[in-house]
Amino acid sequence: MARKKILVIEDDDLHYELYEEALADYELSRATTASAALARLPRERPDVIILDHVLARREKGLDYLPEFKDLLPYVPIIVVSGALEVHQQIGALTGPRRAHYCLTKPLDLNELRRTVATAIEQCGEAEIVRQFEALERSKRVDVEELLSRSTDRLRRQTEIRKLLAGATERPNISALARQFRVARRTIIRDLQELIRRGELPEAIYPRVEPGDEDDETPGETAPPPANRTPAG
């Protein structure tokens with residue numbers, strides 16, 4: 001099996017020797033500036049990038065982080081520095097073009113090994129696969145929920161049609177809402193759909209009274225409309 005490739009962007013020779021020692025199981029390549037690393041990326045695709053912050057030619061690694069993410073959005077980046085303030089570390093780990101990890105100098109080599117192994121195992125292509133799988137699961141859940149709701153609605157409407165067979169007057173909306181344990185608005189919508197499909201006569205079309213469009217708690221009975229007399 002081919003060894004995983006790590007691009008180390010580090011200008012300090014001593015620190016790079018530490019990387020070579022700690023990460024001997026990987027294939028390492030080096031750039032001393034972020035701009036030089038960017039120029040190589042179209043030809044080389046590493047599995048992990050280790051990015052120091054203070055580099056040669058007074059370059060700052062974090063300034064180039066967005067460009068690295070634009071070129072290789074799913075390659076995990078480990079930012080390493082002893083010169084970052086806490087707010088800079090947080091900034092590096094947040095936002096759409098963020099690094100995956102941020103380690104401080106002096107480096108704990110065991111932590112470095114664990115971080116690299118985790119990045120290779122859980123980030124990069126593995127992360128893409130998990131995202132697609134999560135999206136597919138979400139779609140399936142949505143479809144199943146929609147199908148369940150649709151089935152419940154059709155079953156309820158069938159029962160309502162049977163209950164109101166031969167009816168010529170508006171039914172008791174509150175009583176139906178209690179019976180089927182849904183809101184009054186839901187019953188009104190069911191009746192309207194049944195009428196549109198020609199399964200119930202228009203005579204029982206529920207004229208909307210004040211409060212009928214409120215999503216009332218099942219079991220509450222709306223008061224009967226008051227008798228109206230023509231104005232004198």
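With Ala226, Ala126, Ala167 as the choices, which residue is part of a loop (DSSP other than H, G, I, E, B) and modelled with pLDDT under 70?
Details: Ala126 fails: part of a loop (DSSP other than H, G, I, E, B); Ala167 fails: modelled with pLDDT under 70.
Going through Ala226, Ala126, Ala167 in turn, just one is part of a loop (DSSP other than H, G, I, E, B) and modelled with pLDDT under 70: Ala226.
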Kindly list the number of the only condition in (1) exposed (fewer than 14 other Cβ atoms within 10 Å of the Cβ); (2) modelled with pLDDT of 80 or more; (3) in a loop (DSSP other than H, G, I, E, B) that fails for Leu107.
(1)
Tyr64 vs. criteria modelled with pLDDT under 95 and either closer than 18 Å to Cys123 by Cβ or crowded, with 18+ Cβ neighbours inside 10 Å (or both):
yes
Report, by residue number, each residue of segment 37-59 that is in a strand (DSSP E or B) and either aliphatic (A, V, I, L, M) or exposed (fewer than 13 other Cβ atoms within 10 Å of the Cβ) (or both).
Val48, Ile49, Ile50, Leu51, Val54
Please list, ordered by first then second residue, the pairs with beta carbon atoms under 6 Å, 6 or more apart or interchain, first in segment 22-36 and part of a loop (DSSP other than H, G, I, E, B), second surrounded by 17 or more Cβ atoms within 10 Å (Cβ to Cβ) and of a type in the set (A, V, I, L, M).
Tyr26/Ile6; Thr33/Leu55
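The values are calculated or read from the model by the stated rules, or taken from the named source; none is laboratory data. Just so it is clear, the model here is predicted, and its values are computed rather than measured. For neighbour counting, all protein chains shown are included, and Cβ atoms are generated from backbone atoms with ideal geometry for every residue, glycine included.
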